[in-house]
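Student: Please read through the structure below; I'll follow up with questions.
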Amino acid sequence: AETSTEIIDYAPLDKYLDVFGVPAGKRLKFNFAASKDVGTDFLRQYTEALSKIAPARLSGDDQLAYWLNMRNMLVLAHLSETGGRVNLKKDRGTGAAPGAAWTAKVITVDGVPLSIDEIERGIILANWKDARVLYGLYQGAAGGPAAAQTAFRGDTVWAELSAAGKRYMTSDAGFELTKKAAEVSAIFDWYGAEVFNGDEALLRAHVVTLITHGAQINLKNTPIIQYKEFNYKPENYVVRTVQQPVQSGEPTFGTGS
């Protein structure tokens, strides 16, 4: 549709991200231990409610926001139901060999059962051939782009993706120069065929728009591009326990001799 005939309320997703998300530098970690019960149920029920909406009734940008939010909530639900205790290397897998969590049919939209992998490849990357969408695909791991702190919305989705790309590509997870090569995130290997048609020149042209000026100069003089080893560490916020000091007037005990 040229204009959306359906208005989607993403305030519940904003609330989830605010309640269970913990800002950590440029990233958002999640208290999955706290989210395990009520948070998981909420995500499952909310994605089920959104699945009743016919995406074809939305404009192009609203569709992109819809599918990014749907996909990312399904990733969060998987992490939440384990309380953050997940083997992402096994469950997520790679682009060429996605794991069971990415290939399982977990939602039905317009009568079509879909997996996370089918949403990202068969819908998002098949319809939006723009590298910026990669920064909206939350992988649940330290090696991927950070989770958005609010839901994507059609009128701001491209600006949000551009900003997310800047943050990611100016971090070590996205781009790093070594003495031998320019190392870029493994996600460009995973999704490179869809976005760059396997053309390294297109990849370079994209990367140079997001990195710092100094890095741009060095990249031009670096003939080799390598893909970084992906960091599968889950972005699980762990509540730190702080030892309380002994209060004045309370008895203390020596260690003996």
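The values are calculated or read from the model by the stated rules, or taken from the named source; none is laboratory data. Predicted, not measured: the structure shown is a model, and the values here were computed from it. All Cβ positions, even for glycine, are placed from backbone atoms using ideal geometry, and neighbour counts span all protein chains on display. Calculation scope for accessible area: heavy atoms of the full protein, side chains included, ligands and nucleic acids excluded. Shrake-Rupley method; radii C 1.70, N 1.55, O 1.52, S 1.80 Å.
Student: For the chain, with a Gaussian network of springs between Cα atoms less than 10 Å apart, report the residue from Ile116, Ile217, Ile187 with the top mean-square fluctuation.
Tutor: Ile217
Student: With Cβ to Cβ distances under 10 Å as the rule, what net charge do the other residues near Asp61 carry (K, R +1; D, E -1)?
Tutor: -1
Student: Name the trypsin sites (Lys or Arg not before Pro) in the stretch 107-161 that are in a loop by DSSP and that have at most 13 other C-beta atoms within 10 Å, would you?
Tutor: Qualifying residues, ordered by number: Lys129.
Student: At most 15 other Cβ atoms within 10 Å plus a DSSP loop assignment makes a site exposed; report the longest stretch of the chain without any exposed GluC sites (Glu not before Pro).
Tutor: Free of exposed loop sites, the longest segment is 7-228.
Student: With the full set of protein chains in place, find how many percent of the accessible area of the chain is carbon and sulfur; take the probe as 1.4 Å.
Tutor: 53 percent
Student: Please give, to one decimal in nm, the separation of the simple spin-label points placed at Glu229 and Ile53, each 7 Å out from Cα toward the Cβ.
Tutor: 4.1 nm
Student: Here is a follow-up. For Lys228, give me every one of the lysines with a C-alpha distance below 17 angstrom, ignoring sequence neighbours fewer than eight places off in its own chain.
Tutor: Excluding near neighbours in sequence, the set is Lys89, Lys179, Lys180.
Student: Let me ask something else about it. Scan (1) 74, 52, 32; (2) 71, 45, 29; (3) 47, 44, 43 for the value of Cα extents along the principal axes in Å calculated from this model and give just the label.
Tutor: Comparing each candidate, only (1) matches the computed number.
Student: Moving to a separate point now. Give the dimensionless ratio obtained when the Cα radius of gyration of the stretch 1-154 is divided by 2.2 N^0.38 Å.
Tutor: Output field value: 0.98.
Student: Further question: Would you work out the relative contact order for the stretch 1-116, in percent, from Cα pairs under 8 angstrom that are 6 or more residues apart?
Tutor: That works out to 26 percent.
Student: So with the 1.4 Å probe, I'd like the accessible area per residue for the chain, rounded to whole Å².
Tutor: Using a 1.4 Å probe on heavy atoms only, each residue of the chain averages 52 Å².
Student: When only C-alpha pairs under 8 Å and at least 6 residues apart count, what is the relative contact order of the chain, in percent?
Tutor: About 21 percent, as a whole number.
Student: I've got another one for you. What distance in nm separates the simple spin-label points at Asp41 and Leu202, each placed 7 Å from Cα in the Cβ direction?
Tutor: According to this spin-label approximation, the distance is 4.6 nm.
Student: Using label points projected 7 Å from each Cα along Cα→Cβ, tell me how many nm separate Ala181 and Lys26, to one decimal.
Tutor: Inter-label distance under the simple model: 2.1 nm.
Student: Return the sequence-ordered ³J(HN,Hα) values of the stretch 41-47 in whole Hz as given by the Karplus equation 6.51 cos²θ - 1.76 cosθ + 1.60 applied to θ = phi - 60°, using x for Gly and Pro.
Tutor: Each residue of the stretch 41-47 in turn: 4, 4, 4, 5, 5, 5, 5 Hz.
Student: Continuing with this model, one more query. List the residues whose amide H sits under 5 Å from the amide H of Val22, counting only those 5 or more places along or on another chain, with H placed 1.01 Å from N in the peptide plane.
Tutor: Residues meeting the criterion, in which the H sits 1.01 Å from N, are Lys29, Phe30, Asn31.
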